[in-house]
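Chemist: To start, I am sharing the structure in question, which I have written as structure tokens.
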Amino acid sequence: MRPDPELVKKLGTFGTATIHEAAGQIGSLPGNIKPVSQNMKLCGVVFPLHCLSRTNINLHEAIYQAEEGDVLVSSVDNFVEAGYWGDILTCAAQERGLSGLVIDACVRDADDIDMLGFPVFARGLNILGTGKMRGGSVGESIFIGDVAIHAGDVIIGDRDGVVVIPGDRVAEVIEASQAREDKEEDVRNRLKSGETSLNIYKFP
């Protein structure tokens with residue numbers, strides 16, 4: 001079952017660090033997966049896929065199997081140093097109304113991706129090309145780092161990192177994230193009033 005689109009949108013108003021903490025410190029993807037441009041943000045329902053080493057045919061296929069608004073989330077076999085995604089795939093994904101890409105590997109054509117305004121989170125940039133050997137998976141659950149990622153989960157990315165939340169926990173995590181934001185706003189106000197963080201948090 002896919003989560004309510006309005007709840008997905010609401011979850012995306014919080015920062016990734018807040019969401020991660022509010023959810024019980026789950027779902028944090030490896031810290032070397034960063035936005036191609038530091039101001040990029042994404043939030044959407046996960047469409048997972050897995051690419052074999054130095055082949056990107058599954059990214060092409062996933063674009064046409066994912067639903068509008070989805071975020072493609074890709075693991076890759078053992079070889080991250082290639083440009084699995086570039087300007088052509090970005091154009092195709094935008095035409096399909098997708099919301100972004102998260103890939104545990106490199107991409108290329110960074111200037112074009114930035115100009116097109118399509119959120120891409122990757123390990124880095126690399127100009128090496130890829131082939132079209134069949135294999136891997138499209139639409140099936142994957143792992144990135146130690147995080148299991150399923151179709152229908154929600155993924156949020158910003159400059160701080162990327163976090164994945166199970167689709168059936170979105171409403172709960174929104175409530176916890178708002179509570180955390182409210183608490184931190186109170187702390188900021190108390191600091192401005194002259195209290196110390198040591199006293200506020202009652203550190204021994």
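Condition check ((1) in contact with a helix residue (DSSP H, G or I) (Cβ under 7 Å, 6 or more places away or on another chain); (2) β-branched (Val, Ile, Thr)) across all residues:
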{"residue": "GLY24", "(1), (2)": "no, no"}
{"residue": "PRO30", "(1), (2)": "no, no"}
{"residue": "GLN38", "(1), (2)": "no, no"}
{"residue": "LEU42", "(1), (2)": "no, no"}
{"residue": "CYS51", "(1), (2)": "yes, no"}
{"residue": "GLU61", "(1), (2)": "no, no"}
{"residue": "VAL71", "(1), (2)": "no, yes"}
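Chemist: State which residue is nearest to the chain's Cα centre (by Cα) when the search covers only the range 107-129 and only residues that are in contact (Cβ under 8 Å) with a residue 12 or more places away in the chain and farther than 22 Å from ASP70 by Cβ.
Modeler: GLY124
Chemist: Moving to a separate point now. Looking at ARG188, is it over 26 Å from GLU61 (Cβ atoms), surrounded by 16 or more Cβ atoms within 10 Å (Cβ to Cβ) and out of contact with any helix residue (DSSP H, G or I) (no Cβ under 9 Å at 6 or more places or on another chain)?
Modeler: Spelling it out, it is not the case that ARG188 is over 26 Å from GLU61 (Cβ atoms), surrounded by 16 or more Cβ atoms within 10 Å (Cβ to Cβ) and out of contact with any helix residue (DSSP H, G or I) (no Cβ under 9 Å at 6 or more places or on another chain).
Chemist: Let me ask something additional. Looking only at the range 1-16, filter to residues that are touching a helix residue (DSSP H, G or I) at 6+ places or on another chain (Cβ under 6 Å) and in a loop (DSSP other than H, G, I, E, B); which one of those is surrounded by the fewest Cβ atoms within 10 Å (Cβ to Cβ)?
Modeler: Within the range 1-16, the match that is surrounded by the fewest Cβ atoms within 10 Å (Cβ to Cβ) is PRO3.
Chemist: Hey, can you tell me all the residues within the range 101-137 that are buried (at least 22 other Cβ atoms within 10 Å of the Cβ) and of a type in the set (Gly, Ala, Ser)?
Modeler: Selection gives ALA105, ALA122, GLY136.
Chemist: Which residues, counting only those in the range 27-48, are small (Gly, Ala, Ser) and either out of contact with any Ser or Thr (no Cβ under 7 Å at 6 or more places or on another chain) or at pLDDT below 95 (or both)?
Modeler: Hits for the range 27-48 are GLY27, SER28, GLY31, SER37.
Chemist: Have a look at GLN38, GLN25 and point out the one that is free of Cβ contacts under 8 Å to residues at least 12 places away in the same chain and under 16 Å from the mean Cα position of the chain (by Cα).
Modeler: GLN25
Chemist: ASP87 passes all but one of (1) surrounded by fewer than 18 Cβ atoms within 10 Å (Cβ to Cβ); (2) under 19 Å from ARG159 (Cα atoms); (3) in contact with a helix residue (DSSP H, G or I) (Cβ under 6 Å, 6 or more places away or on another chain); which number fails?
Modeler: Among (1) surrounded by fewer than 18 Cβ atoms within 10 Å (Cβ to Cβ); (2) under 19 Å from ARG159 (Cα atoms); (3) in contact with a helix residue (DSSP H, G or I) (Cβ under 6 Å, 6 or more places away or on another chain), ASP87 violates only (2).
Chemist: A further question on this structure: I need a count of the residues in the range 17-50 that are hydrophobic (A, V, I, L, M, F, W, C) and in a helix (DSSP H, G or I).
Modeler: Result for the range 17-50: 3.
Chemist: Which residues, counting only those in the range 1-22, are under 29 Å from MET115 (Cβ atoms) and without any contact (Cβ under 8 Å) to a residue 40 or more places away in the chain?
Modeler: LYS9, THR13
The values are calculated or read from the model by the stated rules, or taken from the named source; none is laboratory data. If you're wondering where the values come from, they're calculated on a predicted model, not measured in any experiment. No Cβ is skipped: glycine too gets one built from the backbone with ideal geometry, and neighbour counts run over all protein chains shown.
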